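Everything below concerns the one structure shown next.
The values are calculated or read from the model by the stated rules, or taken from the named source; none is laboratory data. This one's a predicted model, so the numbers in the text were calculated from it and none came from an experiment. Methodologically, a virtual Cβ is constructed for each residue, glycine included, from the backbone with ideal geometry; neighbour enumeration extends over all protein chains shown. Ligands, DNA and RNA are stripped out before the accessible areas are found, and what is left, the full protein with its side chains, is counted by its heavy atoms. Shrake-Rupley method; radii C 1.70, N 1.55, O 1.52, S 1.80 Å.
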Amino acid sequence: MNAQKPLADRRGQVVGLTRELGFDLCRFAKADAPEHAAEFRDWLDRGDAGEMNYLARNSARRCDPRLILPDAKTLIVLALNYFQGAPKTSPIGAGVSPARPATLTAGTAATTGQIARYAWGEDYHNLIEKKLMVIDRFLRECGGRQKCYVDTGPMLERDHAASAGIGWHGKSTMLLNREFGTWFFLAEILTTLEFVPDTAQKNYCGCCTRCIDACPTGAITAPHQVDARRCISYLTIELKGSIPNELRPLIGDRIYGCDDCLNACPWNRFAKVSHETAFAMRPEVAAMKLRDYLKLDDDKFRRLFHNSPIKRTKRRGLLRNVCVALGNVGTAEDLPALEKARVDSEPLIAEHAQWAIEQIHARAVA
């Protein structure tokens, strides 16, 4: 390959390469400031980001791609479908049927706990980054310099993806696509090479508010406005300390993330099962009852969640979440495991285990 290839030919080669690598969509956008940079700054100023201080530290770069890569001309935006169909252990077909209620009856089939779909299988960062390295190598042969990211870089990726025509902004702030619904990962390649940009898609949400209505904690405070401090994904993943008492009952049996606003979206009735089987639920995790997680020490936690997004919470975070879930749906059968957790050497786990024990006892005498 050489830098003298006609631009149209080079664009087609990039698209072809991304398809060979398994990406479902490849679109191009100008390396301009993201459309909602001002709204992002306002969101930070309101404190809606909670403890995600890294967003403020990199706010200038997030609002100008050329601060990341001088002379950048194009953003190549990629999407990879991760939908695995209805969970085999759940009576609910995610993406088709309504989400489970926030407050569940104790002792129901929910005792396995809910994990957000994106975290069912292997860590998408590792899988996608390997694919991006191949594309980067090709673009370097064409004379380009690149920066590649899989949601961890200083970019407002949904803005750039919308500009590139990958999808449109839903009222939940999630990106929607008519073919894949909400179930896809995004990746970006910022390059000094120039490509003809794609056009943005029309917004097809209309007057629908199902995602807003479905949020268990009211975190979607208005269309396109999310207070992360109330979001269950934030509370179970990003928040490192104690979960506020008033929000614990609203978490239900969710132990890592929340898909309720995604499940509620009507566009997911068109979702297709991904060809990437690495994102399927791990059998050993699917079989875990909530109280079984409390038996995990650090070594067992690391082995169970090796190359999984869930390792991000560390043992203390996941078991904190498990205790909250047991407080909401647990029974007397779960008390022995919680009594052991109540004296765990990790204070965060012990505190939430005590709360769970109190909730189960309160239900027993109600």
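When the range 144-156 is examined, which residues are found to be open to solvent by 10 Å² or more (accessible area, probe 1.4 Å) and at pLDDT 95 or above?
145, 146, 147, 148, 149
For the range 1-26, give me each residue that is modelled with pLDDT of 95 or more and open to solvent by 80 Å² or more (accessible area, probe 1.4 Å).
19, 20
For the range 136-154, which positions are touching a strand residue (DSSP E or B) at 6+ places or on another chain (Cβ under 6 Å) and of a type outside the set (Lys, Arg)?
Result: 136, 139, 144, 146, 148, 149, 150.
Is it fair to say residue 91 is assigned to a loop (DSSP other than H, G, I, E, B), modelled with pLDDT under 90 and not charged (D, E, K, R)?
It is true that residue 91 is assigned to a loop (DSSP other than H, G, I, E, B), modelled with pLDDT under 90 and not charged (D, E, K, R).
Looking at (1) part of a loop (DSSP other than H, G, I, E, B); (2) touching a Lys or Arg at 6+ places or on another chain (Cβ under 8 Å), which one does residue 237 not meet, given that it meets all the others?
With (1) part of a loop (DSSP other than H, G, I, E, B); (2) touching a Lys or Arg at 6+ places or on another chain (Cβ under 8 Å) applied to residue 237, the lone miss is (1).
Within the range 199-231, restricting attention to residues that are in contact with a Ser or Thr (Cβ under 6 Å, 6 or more places away or on another chain) and closer than 25 Å to residue 312 by Cβ, which residue is most open to solvent (accessible area, probe 1.4 Å)?
230
Hey, can you tell me all the residues within the range 351-366 that are open to solvent by less than 70 Å² (accessible area, probe 1.4 Å), within 32 Å of the chain's Cα centre (by Cα) and more than 12 Å from residue 316 (Cα to Cα)?
354, 355, 356, 357, 359, 360
Would you point out which residue out of 348, 326, 262, 338 is open to solvent by less than 20 Å² (accessible area, probe 1.4 Å) and either without any contact (Cβ under 8 Å) to a residue 40 or more places away in the chain or not in a helix (DSSP H, G or I) (or both)?
326
Which pairs turn up if I take residues in the range 202-224 that are of a type in the set (A, V, I, L, M, F, W, C) and look for partners that are open to solvent by 60 Å² or more (accessible area, probe 1.4 Å) with beta carbon separation below 6 Å, at least 6 apart in sequence or on another chain?
219/230
Of all residues being touching a residue at least 40 places away in the same chain (Cβ under 8 Å) and under 20 Å from residue 353 (Cβ atoms) in the range 295-316, which is nearest to the chain's Cα centre (by Cα)? Just the residue, please.
Top of the filtered list is 310.
If residue 288 meets every condition in (1) in a loop (DSSP other than H, G, I, E, B); (2) out of contact with any Gly (no Cβ under 8 Å at 6 or more places or on another chain) apart from one, which number is that one?
(2) is the only condition that residue 288 fails.
Residue check, residue 196 against (1) open to solvent by less than 60 Å² (accessible area, probe 1.4 Å); (2) in contact (Cβ under 8 Å) with a residue 40 or more places away in the chain; (3) more than 29 Å from residue 123 (Cβ to Cβ), all met but one. Which one?
(1)
If you go through the range 110-128 one residue at a time, do you hit one that is surrounded by fewer than 18 Cβ atoms within 10 Å (Cβ to Cβ), polar (S, T, N, Q), farther than 17 Å from residue 186 by Cβ and modelled with pLDDT under 95?
no
Taking the range 22-60 only, how many residues are farther than 25 Å from residue 176 by Cα, touching a residue at least 40 places away in the same chain (Cβ under 8 Å) and in contact with a Pro (Cβ under 9 Å, 6 or more places away or on another chain)?
1
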